[in-house]
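Working notes for the structure below.
Read the figures in this text as sums done on the coordinates, not as results from a lab. On a predicted model such as this, the values are computed, not experimentally measured, just so you know. For neighbour counting, all protein chains shown are included, and Cβ atoms are generated from backbone atoms with ideal geometry for every residue, glycine included.
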Amino acid sequence: MGTGGLCVSAINSKAAGTVHRLDTAGAKNSALPTLIAAVLNGGRADLYGVPHVSDVENLLKLLERLGATASRQMRADGMLNLSITADRIDTTKLTNDLMKTTRGSVLVLGPLLARKRKCCIAKPGGCSIGKRPIDLHLAALASMGAKITELGEEIYADAPSGLHGADIDFPIKTVTGTENLMMAATLANGKTILKNAALEPEITDLGNFLNQMGARITGHGTDIITIEGVTNLSGTEYTIMTDRIEAGSYMIAAAVSGNIVDVMGGDFRSLLPGFIPKMEGAGVEFEDLDNGLRVKGPDRFRAVEIDTAPHPGFPTDLQPQMMAMLCLADGESIIRENIWENRFMHVAELNRMGANITIDGPVARIRPVKQLYGTTVTATDLRAAFALIVAAIAARGETIIKGVHHLDRGYSCVKEKLAACGLNIERIM
Ligand code: EPZ
């Protein structure tokens, strides 16, 4: 997982009529909270089907810094089976560089407060898509009895007599905020109710894992989650859910390539209820398979209008990739990015490839062009990196994509998976 670049040139190995197959990995955004939840108990947690991506590797280093041990088994399919043991926690202070490497690190707050009644973390940095504040996490933990002190770049949280249950009403839906509070409440004294909780499937996955560890959570996957605190949790084994954002990303790549691809790993119509209908609106055909979808793109895409929104709306994590696909649509598409204040960093790079996109605040207008052209472009964040791959698949000529370390944060085995879709790319170290 180095930096380096990708070379994407004349694409298809598509023999007409060939049906390709892609198996998706475990979900990065489920693996991150589940890995951290494993330290809530003094036992061993075995996690299967964890994606081999740098966000996971960095989080494992952070857990080991806390005193946990993690043993890794690389599987033939490129995923990891992990055994996490956290019978002791050596420190509750994480103010090092590792906190800045992955946003998921903010999720240590809830578990450490629950188990050790104190925690000190470095303020997780923002990133290119936005400031990424955690004020809602902190306010909710304070309502459970934690004393929060911010000293410069460090946040201290203290609950010497333990956390107590609370009635928490999130002013806006926050995915990791909901996850942090779910984990904190598992060992609190009494009942906690999370209202206006986020509904993402990764939250359901985390709640199921915690319940297997002996937690008492109901309502996860709805906007009211109830957690009855228990005195301790025990180890368990669990398979991480499929990565719906990876699946959607490859569906877009397949649609642009013109290849027929079976994207396998889950019931993607129910995991991506805000995305699949928009792809169909753009002319993409889907055939239902057992545990997947057969994807076939049109000769020309239709323009669509998209508003990103919390689940079950259109996922912001598929916005850049969809924008790349719509560059070649017949007609003007509109994308409103309603979650992140700066998630259009990929627009300048797409325009350098010949796209015609203009931005007005949170609204991007994608006007039709006849062709995209290969050139050298630079990825700015994880999902923008995949968007550039989509554009490169559609472009005439060779595209060099720099900054692929962003890609490695959340996508594993990209060369092999694109090859499985009939698309050949080269990794330039
Ligand atoms: C999670 O981030 C995902 N990351 C993001 O995926 C995803 O884009 C995001 O949810 C939205 O779906 C992980 O799960 C690790 P939020 P998170 O808290 O939890 C505001 C990817 O590409 N907010 O749901 O950090 C915030 O500014 C990544 O895989 C506050 O104001 O997002 C944003 O506008 C990128 N205060 C909105 O809420 C807070 O305390 C939603 O953010 C927390 C959030």
Seminar exercise, completed: Highest GNM mean-square fluctuation among Pro201, Pro171, Pro51, for the chain with Cα springs under 10 Å, belongs to Pro171
Exercise. To the nearest 20 debye, what charge dipole does region 28-239 have about its Cα centre, counting +1 at the Cβ of each Lys and Arg and -1 at the Cβ of each Asp and Glu?
Worked result: 340
Exercise. With r defined as the distance between the Cβ atoms of Thr239 and Thr218 and R0 fixed at 22 Å, what FRET efficiency is calculated, to the nearest 0.05?
Worked result: 0.50
Problem set entry | region 28-239: relative contact order as a whole-number percent, Cα under 8 Å and 6+ apart | 21
Exercise. Does region 285-355 come out rounded, prolate or oblate by the C-alpha gyration tensor, with a ≥ b ≥ c the root eigenvalues, rounded set by a/c under 1.5 and, if not, prolate when a/b is larger than b/c and oblate if not?
Worked result: oblate
Seminar exercise, completed: Computed for the chain: size of charge dipole around the Cα centre, +1 on C-beta of each Lys and Arg, -1 on C-beta of each Asp and Glu, debye to nearest 20, value 620
Problem set entry | Extension gain (nm, one decimal) between Glu153 and Arg365, 0.36 nm per residue minus Cα-Cα | 72.5 nm
For this session: Only Lys, Arg, Asp and Glu count, each charged at its Cβ (+1, +1, -1, -1), so figure out the dipole size of region 309-429 about its Cα centre, rounded to 20 debye.
Result: 180
Seminar exercise, completed: In this structure, the FRET efficiency calculated for Ala309 and Arg65 from their beta-carbon separation, with R0 = 41 Å, to the nearest 0.05, is 0.70
Exercise. Would you list Ile400, Ile366, Ile168 from fewest to most Cβ contacts within 10 Å?
Worked result: Ile400, Ile168, Ile366
Exercise. Among Ala324, Ile425, Thr308, whose Cα lies farthest out toward the positive end of the dipole of region 285-427, if unit charges sit on the beta carbon of Lys, Arg (+1) and Asp, Glu (-1)?
Worked result: Ile425
Seminar exercise, completed: Distance in nm between Asn291 and Asp167 label points, each 7 Å along Cα→Cβ, equals 4.5
For this session: Can you grab the distance from the C-alpha centre of region 182-201 to the C-alpha centre of region 291-351, Å, no decimals?
Result: 32
For this session: Compare Gly130, Gly274, Gly49 in a GNM of the chain, Cα atoms joined below 10 Å, and give the one with the largest fluctuation.
Result: Gly130
Exercise. Using a Gaussian network model of the chain with C-alpha springs under 10 Å, which one of Lys131, Lys118, Lys402 is most mobile by mean-square fluctuation?
Worked result: Lys131
Exercise. Relative contact order, percent, of the chain when contacts are C-alpha pairs under 8 Å separated by at least 6 residues?
Worked result: 20
Seminar exercise, completed: Expressed in angstrom and ordered largest first, the alpha-carbon extents of region 28-239 along the principal axes are 45, 37, 33
Seminar exercise, completed: Taking a crude spin-label model, label points 7 Å out from Cα along the C-beta direction, the Ala348 to Ile334 distance in nm is 2.6
For this session: Write down Rg/Rh for the chain, rounded to two decimals, with Rg from the C-alpha atoms and Rh from the Kirkwood relation over Cα pairs.
Result: 0.98
Problem set entry | Cα gyration tensor shape for region 284-429, rounded if a/c is under 1.5, else prolate or oblate | rounded
For this session: Compute the Cα gyration tensor for region 150-270, then decide on rounded, prolate or oblate, letting a ≥ b ≥ c be the square roots of its eigenvalues: rounded whenever a/c is under 1.5, prolate when a/b is larger than b/c in the other cases, and oblate in all that remain.
Result: prolate
Exercise. So for the chain, taking the charge dipole from beta-carbon charges (+1 Lys/Arg, -1 Asp/Glu), which of Asn58, Ile224, Phe268 sits furthest toward the positive end?
Worked result: Asn58
